[in-house]
Amino acid sequence: MATPPPHFSQPALVVIDVQRGFDDAAFWGERDNPACEDNIAALLREWRNHNWPVVFVQHESKNPDSPLSPSQRGHAFKDMLTGEPDLLVRKSVNSSFYGTPDLHHWLQSQDITQVVICGITTNHCCETTARMAGNLGYDTYFAIDATHTFDRNTPNGTRVPAETLSVITATNLHEEFATVLTTAALLNQ
């Protein structure tokens, strides 16, 4: 049974770590979902059309060799993130709720109870933020095809494809921490 699209009042779109540094395949490896950025752009257009709040989150790696370090060109947002956000959160950990300024405080001050999460990477910063949003009581939606991740190795060295990790994230989140939907379902709400 398909999940019905949400009824939105004033949802915040939380766009996580859509930074140029994630295009560095030599550093990160193979990724999934080549449509991720197009889906994020479609969500961003929809939010702007409705004048709904938009939050950009930017990762500031403490590792100076990381493509996401503030000293690297990859720290910058990708070109498809247009316009100014209502809030810009900078963080150096996985959860967008542990950044500056305080996302939870801002959402509460704006009387926002619904969040839609998209960005990079599916199973790290996006999943962690969704888990925290759910635990903090937000009506949380996870745009699974507006995220992407990379192949990873298990502790014993077995390679897990990015597509599998995305399915696992969707399984972990759905109906416990968040409602997992496609971009099309969110746009047709």
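In region 116-155, which residues are among the β-branched types (V, I, T) and touching a helix residue (DSSP H, G or I) at 6+ places or on another chain (Cβ under 7 Å)?
Those that are among the β-branched types (V, I, T) and touching a helix residue (DSSP H, G or I) at 6+ places or on another chain (Cβ under 7 Å): V116, I117, I120, T122, T140, I144, T147, T149.
Would you pick out the residues in region 139-165 that are surrounded by fewer than 23 Cβ atoms within 10 Å (Cβ to Cβ), within 24 Å of A41 (Cβ to Cβ) and not charged (D, E, K, R)?
Those that are surrounded by fewer than 23 Cβ atoms within 10 Å (Cβ to Cβ), within 24 Å of A41 (Cβ to Cβ) and not charged (D, E, K, R): F150, A162, L165.
Please specify each residue of region 171-181 satisfying the condition of being polar (S, T, N, Q), surrounded by 15 or more Cβ atoms within 10 Å (Cβ to Cβ) and free of Cβ contacts under 8 Å to residues at least 60 places away in the same chain.
Residue satisfying the conditions is N172 alone.
Conditions (1) among the basic types (K, R); (2) more than 29 Å from V160 (Cα to Cα); (3) without any contact (Cβ under 8 Å) to a residue 60 or more places away in the chain, marked per residue:
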position	(1), (2), (3)
E46	no, yes, no
E60	no, no, yes
P64	no, no, yes
K78	yes, no, no
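How about region 55-96: which of its residues are more than 21 Å from I40 (Cα to Cα), crowded, with 18+ Cβ neighbours inside 10 Å and of a type in the set (A, V, I, L, M)?
Listed by number, the list is empty, since nothing qualifies.
Return the residues of region 60-98 that are outside any loop (DSSP other than H, G, I, E, B) and either among the small types (G, A, S) or touching a helix residue (DSSP H, G or I) at 6+ places or on another chain (Cβ under 7 Å) (or both); say none if nothing qualifies.
Residues satisfying the conditions are R73, G74, H75, L87, V89.
For region 13-29, state whether one or more residues are touching a residue at least 40 places away in the same chain (Cβ under 8 Å), within 14 Å of the chain's Cα centre (by Cα), part of a strand (DSSP E or B) and farther than 25 Å from L136 by Cα.
Looking for residues that are touching a residue at least 40 places away in the same chain (Cβ under 8 Å), within 14 Å of the chain's Cα centre (by Cα), part of a strand (DSSP E or B) and farther than 25 Å from L136 by Cα, one finds at least one in region 13-29, hence yes.
When the residues of region 30-59 are filtered to those that are in a helix (DSSP H, G or I) and in contact with a His (Cβ under 9 Å, 6 or more places away or on another chain), which remaining residue is farthest from T122 (Cα to Cα)?
Among those that are in a helix (DSSP H, G or I) and in contact with a His (Cβ under 9 Å, 6 or more places away or on another chain), it is E37.
Read-outs throughout are calculated quantities, based only on the coordinates presented, and are distinct from any laboratory measurement. Not measured: the values here are computed from a predicted model. Heads up, the Cβs are rebuilt from the backbone with ideal geometry, glycines too, and the neighbour counts pull from every protein chain shown.
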